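Student: My structure is below; once you've seen it, I'll send some questions.
The values are calculated or read from the model by the stated rules, or taken from the named source; none is laboratory data. None of the values given here were measured: they were computed from a predicted structure. Cβ coordinates were reconstructed from backbone atoms using ideal geometry, including for glycine residues, and neighbour counts include every protein chain displayed. Just so you know, the surface numbers come from the protein's heavy atoms only, side chains and all, with ligands and any DNA or RNA stripped out. Shrake-Rupley method; radii C 1.70, N 1.55, O 1.52, S 1.80 Å.
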Amino acid sequence: MVVRVSILAAPPKRAGADEDEDAVLPVARKRHPWRWVTGGIALLLVAQFAHGLITNPGWDWSTFAQYVTAASVLSALKVTIELTVWGTLLGFFIGIWLAIGRLSKNPVFQAISWTYIWAFRSIPLIVQLLFWFNLAYLYKTLSLGIPFGPEFVTFETNGVIGGFTAAVIGLALHQAAYSAEIIRAGIISVDQGQWEAAKALGLPWRRQFFTVIAPQAMRGILPNAANEVISLFKGTSIVSTMAIAELFYQVQVIFGRNGRVVPLLMVATVWYIVLTTALSIVQHYIERHYAKGHVR
């Protein structure tokens, strides 16, 4: 006996049937009541803080407006910018060579670079600044000549290293220790295959580094380097201990005369915020430049 089994195939669905069924399904809207509550509380606190800034007479905004663009404050701001620029340029220049020393296969260069970074990261910045400011106590004269040999030129230390120069030296040497580690971290973050690919193309070492490795390393270097520059800009206030007329020192002098501490501190605060914002904008565009081909 033969048993015949027939399988009835389901009729094929017409094109777009699934879309029609999905279209009639109810869509439940997801609600976030606590998001609106917390947002409202945050806005209320911000509005309360802004109201206090405007209405509290202790802020003394008239005094703030009087001194925020005063000639003495702008002159001190110029000194702060100069300290930041010189400290950054010299610090990163020295930091590049220290990073090369750390990455070198020469054990002498490795030891010297590591020792420098260890020492300058261990000593507080204010101690370094005061040391360089009082360098004449240790060395009355400085000279140029052959090491352990005759001296060709000799000059007084106080005549060469003044307060501003000592501040630049201290800031640059301190910055170099941190810059070296930032640069080294950016270089070693590049995949080893990139080095091998550049070598396989037969490129000279200079082109390998500057056209293949450096652009990729800059993506890792820039955020931390920008943070260091901003920290250095604000850290220049420490040189006020050396009686250098930078921004914070000048503000101290003014409120020491008129007793208006809070509005004068706000003068310094606003200028720090303005220039930090400018540095952040520059950082954004530089990062966007080096992100080409990496971020869609």
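Student: Would you check the accessible area of W86, probe 1.4 Å, heavy atoms only, in square angstrom rounded to 10?
Tutor: 130
Student: Then there's this: So how do L89, L135 rank on accessible area, 1.4 Å probe, biggest first, that is with the largest at the start?
Tutor: The most accessible residue leads, giving L89, L135.
Student: Here's a follow-up. Which helices, counted as full DSSP H runs in the chain, have an axial Cα extent of no less than 18 Å and a Kyte-Doolittle average of 0.5 or above?
Tutor: Length and hydropathy pass: 33-55, 71-103, 163-188, 261-290.
Student: Could I ask something else about it? Where does the chain land on Rg(C-alpha)/(2.2 N^0.38 Å)?
Tutor: 1.62
Student: Of V127, A76, N106, whose Cα points farthest to the positive end of the dipole of the chain (charges on the beta-carbon: +1 Lys, Arg; -1 Asp, Glu; origin at the Cα centre)?
Tutor: N106
Student: As an exercise, use a Förster radius of 41 Å and the Cβ-Cβ distance of F148 and D191 to find the FRET efficiency, rounded to the nearest 0.05.
Tutor: So, using R0 = 41 Å, E works out to roughly 0.35.
Student: Expressed as a whole percentage, what fraction of the accessible surface of region 163-270 belongs to carbon and sulfur atoms when a 1.4 Å probe is rolled over the protein heavy atoms?
Tutor: Within region 163-270, the accessible surface is 58 percent carbon and sulfur.
Student: Okay, next question. Which net charge results for the neighbourhood of F109, defined as the other residues with beta-carbon distances under 14 angstrom from its beta-carbon, given Lys and Arg at +1 and Asp and Glu at -1?
Tutor: +3
Student: Return the Cα extents of region 135-239 along principal axes one, two and three, sorted largest first, each rounded to a whole Å.
Tutor: So the extents along the principal axes, rounded to whole Å, are 55, 40, 16.
Student: Can you tally the net charge around S75? Count Lys and Arg as +1, Asp and Glu as -1, for every other residue whose Cβ sits under 14 Å from the Cβ of S75.
Tutor: After counting each charged neighbour, the total is -1.
Student: Something else about it: With n ≥ 4 as the cut-off for DSSP H runs, can you work out [θ] at 222 nm for the chain, using -39500 (n - 2.57) per run divided by the number of residues, rounded to the nearest 500?
Tutor: Helices in the chain give a 222 nm mean residue ellipticity of -22500 deg cm²/dmol.
Student: If I model a spin label at H284 and N227 as a point 7 Å from the Cα along the Cα→Cβ vector, what separation in nanometres do I get?
Tutor: The modelled label-to-label distance comes out at 1.9 nm.
Student: Looking at the square roots a ≥ b ≥ c of the eigenvalues of the Cα gyration tensor of region 221-277, which shape do they give, rounded for a/c under 1.5, prolate if a/b is larger than b/c, or oblate?
Tutor: Here region 221-277 falls in the oblate category.
Student: Moving on. For N258 and R206 in one chain, what is 0.36 nm times their gap in residues minus the Cα-Cα distance, to one decimal in nm?
Tutor: In short, 12.8 nm is gained.
Student: Below 14 angstrom from the Cβ of V190, what's the summed charge of the other residues (Lys, Arg +1; Asp, Glu -1)?
Tutor: Once all neighbours under 14 Å are counted, the net charge is +1.
Student: Right, next: As a test question: what accessible area, to the nearest 10 Å², does Y139 have when a 1.4 Å probe is rolled over all protein chains in place?
Tutor: Using a 1.4 Å probe on the heavy atoms, I get roughly 120 Å².
Student: Hey, can you find the accessible area per residue of the chain for me, probe 1.4 Å, expressed in square angstrom?
Tutor: Using a 1.4 Å probe on heavy atoms only, each residue of the chain averages 68 Å².
Student: On the full set of protein chains, 1.4 Å probe, figure out the accessible area of T141 and give it in Å² to the nearest 10.
Tutor: Approximately 70 Å² of T141 is accessible to the 1.4 Å probe.
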